[in-house]
Amino acid sequence: MHPSSCDTFVALPPSTERKCIIFGKNSDRPCDEVQEVVYFPARDFDTGENVECTYIEIEQVAHTYAVMLSKPAWLWGAEMGANEHQVCIGNEAVWGRESADGDEALLGMDLVRLGLERADTAEKAVDVITELLKKYGQGGSCMEDQGSFTYHNSFLISDRKEAWLLETSGKHWAAERRQARIEAAGSRYCEGKKLLKKSNGHITAETMMDILRDKDSGINMEGMFMTTGSMVSVIPTDPTLPGVHYFTATPDPERSVFKPFIFVKNINAINLPKETTSPSYGADDPVKKKPRFQSKPDRKHELFVKHELVEAIMESFKDRGKKITENMRRLEKEKMTEMEEILSHGIKEPDLLVNLFPRCVQEEMAVYGKS
C-alpha cells in the first residue's frame with residue numbers, strides 16, 4: 001500500500017458566483033476504511049475537564065462550537081468539516097526531511113476537529129492548531145493497522161473572508177493568508193488549478209464537485225488508496241446568509257450524492273444523521289486497547305452498506321448503473337437548486353432545515369432501493 005495525500009481546494013471571490021467562498025476536499029484514505037459524517041452540538045465544560053482525542057487526553061476548553069465532520073470511523077478527529085461560524089478545515093498528509101514521529105500524540109485529524117471546535121475564524125483556527133502543536137506535538141499511526149503509517153500535516157482553512165494555508169513538520173509550522181483569486185493545496189495542485197481555470201471565473205459548488213469527481217487527473221483516487229469521502233462548502237461573504245455544506249459519507253464522489261447540511265438552531269440528538277454514523281464499540285474498541293489494532297471491527301454505517309451494494313450493481317450491469325447514476329444526479333441537482341434559493345435569500349423557516357441532511361440521506365437510500 002503506497003502512501004498518498006488528499007486534494008483540498010478553496011476558491012475566493014471574484015472567481016466565484018454570488019461572492020461566496022467555495023471549499024472542497026477529497027479525503028484519500030485506505031480503500032477499506034469507512035468514513036462517517038457526524039454532527040456534534042456546541043457544549044460548555046467545567047474547568048479542569050479533559051477531552052480524549054485519538055491517542056492522548058488534552059485540556060478541554062470552556063466552550064466548543066457545533067461542528068459537522070467527515071471522519072474515519074475509528075478515530076476521534078476528522079479529515080474535514082465545518083463549524084457553526086462557517087470555518088472549514090481540511091488536512092493533507094505531507095512528508096519532509098524530518099521524519100514523522102511514530103510516538104502517540106495528536107493526529108493531524110485531531111487538530112482539524114480541535115480547530116473547528118475552538119475557533120470562530122480561520123485565523124483563530126491557525127492559532128488554535130499551532131498552539132496545540134507546540135504543546136502536544138503530532139504523531140501516532142494514521143491508519144487502523146498494526147503497521148506504522150505516519151505523516152506530518154498541511155491544513156487549508158477558510159471562513160467568510162479569507163483562507164489560510166498552514167504547513168507543519170513536527171512542532172514547526174508556517175502559515176500564509178491566501179487572498180488570490182484561486183488557491184489550492186494538495187498533492188495535485190497543478191491538475192486542480194487547471195480544472196478551476198476552465199470555469200472562467202464563475203466557480204460554483206457544482207464546479208467544485210466536478211473537480212472532486214475527476215478521475216483522469218487522479219484527484220478522485222482509485223486503488224488501495226482511494227477517495228473515501230468528499231465535502232464541498234459554499235460560504236457567502238454576507239454574514240446574514242447561511243453557509244451550505246455538502247457531504248457524501250460514501251466512497252468515490254463520481255458514484256455518490258453530495259448532500260446538504262446547514263447549521264440552524266434546535267438540531268439535537270433526535271436529528272443526528274444516524275444513517276451515516278458508524279457503530280460504537282466504546283472501551284472495547286481495539287483502537288482504545290494496548291497493544292492497539294489487534295483486530296478490526298465492522299464500522300460500516302447504514303448508508304455505506306447500501307452504497308456498497310449499489311456500487312456492485314453498477315460495476316456488473318452498465319445499463320442499470322447508468323440509470324442509478326442519473327437518478328443520483330437528479331436528486332443532487334434538486335437539492336442544490338433548493339440550496340441556491342437559501343444562499344440567495346436566506347433562511348425563512350429554520351425548523352424545516354433541522355432534518356435536512358438526514359432527510360437527504362433517506363432520499364438517497366430510496367433511490368438505491370429502486371435499483
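Hand me the GluC sites (Glu not before Pro) from segment 26-78 located in a DSSP loop with no more than 14 other Cβ atoms within 10 Å, in residue order please. Mind dumping the intermediate values first?
Numbers: sites: Glu33, Glu36, Glu49, Glu52, Glu57, Glu59; in loops: Glu33, Glu49.
Those that pass, being in a loop and sparsely packed, are Glu49.
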* Candidates Asn268, Asn327, Asn83, ranked by Gaussian network fluctuation over the chain, Cα under 10 Å, top entry -> Asn268
* Structure fact -> Computed, not fitted: 222 nm per-residue ellipticity of the chain from DSSP H runs ≥ 4 (each -39500 (n - 2.57)), nearest 500, equal to -9000 deg cm²/dmol
* Asked: Antiparallel DSSP bridges in the chain: what percent, to the nearest 5?
  -> 95
* Could you provide, to the nearest whole Å², the per residue accessible area of segment 7-369 with probe 1.4 Å? => 43
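With +1 on each Lys and Arg Cβ and -1 on each Asp and Glu Cβ, and nothing else charged, work out how big the dipole of the chain is about its Cα centre, in Debye to the nearest 20. Kindly include the intermediate steps, with their values, before the conclusion.
Numbers: 48 positive and 60 negative charges, 168 e Å.
It works out to roughly 800 debye.
Can you give the FRET efficiency for Asp216 and Phe45, using 1/(1 + (r/R0)^6), R0 = 45 Å, r = Cβ-Cβ distance, to the nearest 0.05?
On the way: r = 47 Å, r/R0 = 1.05.
That pair, Asp216 with Phe45, gives E of 0.40.
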* FRET efficiency, 1/(1 + (r/R0)^6) with R0 30 Å, evaluated for Thr337 and Met224 via beta carbons -> 0.20
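For the cross-link pairs Lys71/Lys348; Lys25/Lys306; Lys215/Lys274; Lys124/Lys300, which exceed 28 Å when the distance is taken from alpha carbon to alpha carbon?
Working: Lys71/Lys348 31 Å; Lys25/Lys306 23 Å; Lys215/Lys274 30 Å; Lys124/Lys300 34 Å.
Lys71/Lys348; Lys215/Lys274; Lys124/Lys300, as the Cα separations exceed 28 Å there.
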* To do: Give the cross-link partners of Lys322 among the aspartates and glutamates, using a straight C-alpha distance below 13 Å as the criterion and excluding same-chain residues fewer than 8 apart.
  => Glu254, Glu311
* the chain: relative contact order as a whole-number percent, Cα under 8 Å and 6+ apart -> 19
* To do: At q = 0.18 Å⁻¹, what is the base-10 log of I(q)/I(0) for segment 224-324 according to the Debye formula with one equal point scatterer per Cα and no solvent? Please give it to two decimals.
  => -1.05
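What's the carbon and sulfur percent of the chain's accessible surface, probe 1.4 angstrom, rounded to a whole number? All intermediate terms of the calculation are to be shown ahead of the outcome.
On the way: 8010 of 16190 Å².
C and S atoms contribute 49 percent here.
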* **Among Val305, Leu116, Ala105 - extreme Cα towards positive end, dipole of the chain, charges at beta-carbon** => Val305
* Counting all C-alpha pairs of segment 7-369, share separated by more than 25 Å (%) -> 51
* trypsin sites (Lys or Arg not before Pro), loop per DSSP, at most 11 other Cβ atoms within 10 Å - longest free stretch of the chain -> 98-197
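The values are calculated or read from the model by the stated rules, or taken from the named source; none is laboratory data. Predicted model only: the values in this text are computed from it and were never measured. Every residue, glycine among them, receives a Cβ derived from its backbone with ideal geometry; neighbour counts consider all protein chains shown. The area values use the complete protein model at the heavy-atom level, side chains included, leaving out ligands, DNA and RNA. Shrake-Rupley method; radii C 1.70, N 1.55, O 1.52, S 1.80 Å.
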